[in-house]
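Every number in this text was worked out from the coordinates using simple rules, so none of it is lab data. Keep in mind it's a predicted model, so treat the numbers as computed, not measured. No Cβ is skipped: glycine too gets one built from the backbone with ideal geometry, and neighbour counts run over all protein chains shown.
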Amino acid sequence: MTHFNSIEKLCAAVCVVAIAVGAPAQDAEKAQRTGKAKYKLVDLGPSGPAGQPFHITNNGLISAAIAAADGTDHSFVYVFGRPIDISRPGLRGANSMPFGNNAAGQVVGGANTNLADPGGEDFCGFQTLGLPSGTTTCLPFLWQNGRMIALPTLDRNQGNNGVANAINDRGEVTGAAENTTFETSCSDYAPTLAQFQRYQFKPVVWRRGGVTELATVPGDGVGTGLAINNKGQVAGSSGDCSVFNVQFLIPIHPLHALFWEEDGTPIEIPSFGGIQPAFGNSAMGINDSGQVVGFATLPDNVTFHGFLWNQHTGRLVDLGTAAGMPSSAAIAINDSGVAVGVSQDSMNLVATVWEHQKAEDLNTLIPDNSPLYLLIACSINAEGQIIGLAADSSGVLHGFELDPQDEPR
């Protein structure tokens with residue numbers, strides 16, 4: 001099972017909403033399709049300028065943010081293809097995004113409250129993304145049994161903000177939470193430049209209602225957990241405070257990709273030798289075998305490639321890119337070792353799948369008459385179903401689902 005939800009969100013985690021915001025729609029006829037279409041394309045409908053699907057479970061439940069009529073983002077869950085709004089009353093704020101969900105129907109994410117942020121922060125970036133009423137605090141949430149509750153932050157729940165990025169089938173959650181310590185790498189508070197952050201935020205795990213801080217690389221002031229598997233192992237990153245990062249949807253420049261054992265023991269994942277300001281290095285997705293995917297900057301400090309790292313061997317594999325693209329990021333991986341993400345150049349995005357560590361443009365694997373161009377693949381489940389973000393011929397962003405043609409649903 002894959003557990004990326006994020007800029008990730010990240011698409012972390014994570015699947016990253018705002019990489020594609022404003023990206024030009026591309027002509028689907030330009031994709032050089034080969035042979036029979038491998039996937040059936042399902043259009044999940046318009047997502048809005050800052051919405052997208054985030055995660056698909058093994059039983060086909062999808063978490064997604066969709067723009068409401070008033071321009072705010074609402075949290076939705078697709079059940080048998082039907083979108084259900086779970087955002088009201090939420091945490092009594094205007095916006096929410098559901099970055100993760102599990103097979104039991106639990107959903108996690110970040111949501112505005114109705115309280116003004118005392119530090120003037122924009123932790124979840126709702127204001128930066130242009131969403132209405134985005135200036136209140138943003139708290140990590142867990143939605144279950146029809147109710148959204150806030151998860152605790154650090155320093156005895158005195159931190160003002162946080163976000164939950166992923167949840168496993170045991171109900172364990174990972175994400176990031178603020179403490180009450182001013183972060184030196186966040187010293188350049190300048191809202192006009194999208195630099196809102198003042199306080200440290202740390203990678204965390206929530207278990208049984210409590211919050212546990214995870215270690216970062218020494219010298220890194222901030223960090224985030226982006227994915228968690230059913231063993232309780234976590235993948236994510238640590239680094240410096242930054243302007244609001246549209247890839248991770250929190251203000252981080254990820255310098256180091258990290259893996260945490262269930263007991264919290266951290267392991268730094270090797271890089272390809274480069275660090276560059278826009279991306280850096282981060283682990284994005286993890287499966288139950290401990291295989292981790294993410295991206296790392298190459299020594300040229302310009303391009304970056306998706307990677308596959310194996311917990312047991314410590315081996316780092318460069319996954320390469322879809323044809324014609326210099327950079328890539330792997331976002332999620334299922335238990336069969338199939339990964340999904342994005343390949344890109346300075347102008348274009350291509351939803352990408354890696355099977356047997358070979359990159360393919362997903363636009364070449366769907367019917368020729370597709371009304372959508374697939375920009376980012378955000379999540380893949382055990383059945384091989386893939387969700388992500390696409391654009392129609394007018395540049396309107398849509399969520400999509402791909403169902404394998406040669407496998408039972």
- Task: Just subtract the alpha-carbon distance of ILE84 and LYS231 from 0.36 nm times their residue separation and send over the number in nm, one decimal.
- Result: 50.0 nm
- segment 109-200 - percent relative contact order, Cα under 8 Å, separation 6 or more: 25
- Most exposed to least, judged by fewest other Cβ atoms within 10 Å, PHE126, PHE76, PHE259 sort to PHE259, PHE76, PHE126
- Note, LEU308: beta-carbon cut-off 11 Å, +1 each Lys/Arg, -1 each Asp/Glu, net 0
- Message: Please rank ILE149, ILE386, fewest neighbouring Cβ atoms within 10 Å first, as an exposure proxy.
- Response: ILE149, ILE386
- The ratio Rg/Rh over the Cα atoms of the chain, Rh being the Kirkwood inverse mean 1/r radius, stands at 0.94
- Footprinting exposure proxy for SER47, SER282, SER133 (fewest neighbouring C-beta atoms within 10 Å first): SER133, SER47, SER282
- Positive-end residue of GLY90, ILE380, VAL317, charge dipole of the chain with Cβ unit charges: GLY90
